[in-house]
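What follows is a short report on a single structure.
No value in this document is a laboratory result; all are computed from the given coordinates. Computed from a predicted model, the values in this text were never measured in an experiment. Cβ coordinates were reconstructed from backbone atoms using ideal geometry, including for glycine residues, and neighbour counts include every protein chain displayed.
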């Protein structure tokens, strides 16, 4: 239901180190309920784009087929631009505090 009509699907990394706390029984079960695959992505708009800041846990929060879909995935570009964007934000913050 949460993906219905979405223009953008933003995924976040599940921290595997938190899986040992018992909140997530297994990576497989997490993917079954919450992982993004083609079947779940079909609820979004047909031209919906997929984002993920990286690093990805393939098969946990996102299926490789979805992550590598050149027509819908912005993940590579997002990861490539991530450092530059963070540098620009830090520069802006530093200048505003001067």
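A full extension of the chain between residue 48 and residue 81 corresponds to an added length of 9.9 nm, given 0.36 nm per residue minus the alpha carbon distance.
For the chain, the relative contact order is 32 percent, taking Cα pairs closer than 8 Å that sit 6 or more residues apart in sequence and dividing their mean separation by the residue count.
Peptide packing: for 25-31, 79-85, the average count of neighbouring Cβ atoms within 10 Å per residue gives the ranking 25-31, 79-85, highest mean first. The calculated FRET efficiency for residue 95 paired with residue 71, based on their beta-carbon distance and R0 = 35 Å, is about 0.35.
Using Cβ counts within 10 Å as a stand-in for footprinting exposure, how do 21, 73 rank, fewest first?
The most exposed by this proxy come first: 21, 73.
Under the criterion of Cα pairs below 8 Å and six or more residues apart, the relative contact order for the range 27-68 equals 62 percent.
Relative to the longest principal axis of the Cα atoms of the chain, helix 75-96 runs at roughly 30 degrees.
Please work out the Cα center distance from the range 11-32 to the range 40-68, rounded to the nearest Å. Here the answer is 16 Å between Cα centres.
Listing 77, 17, 61 from fewest to most neighbouring C-beta atoms within 10 Å gives 17, 77, 61.
Using R0 = 25 Å, the C-beta based FRET efficiency linking residue 15 and residue 40 works out to 0.75.
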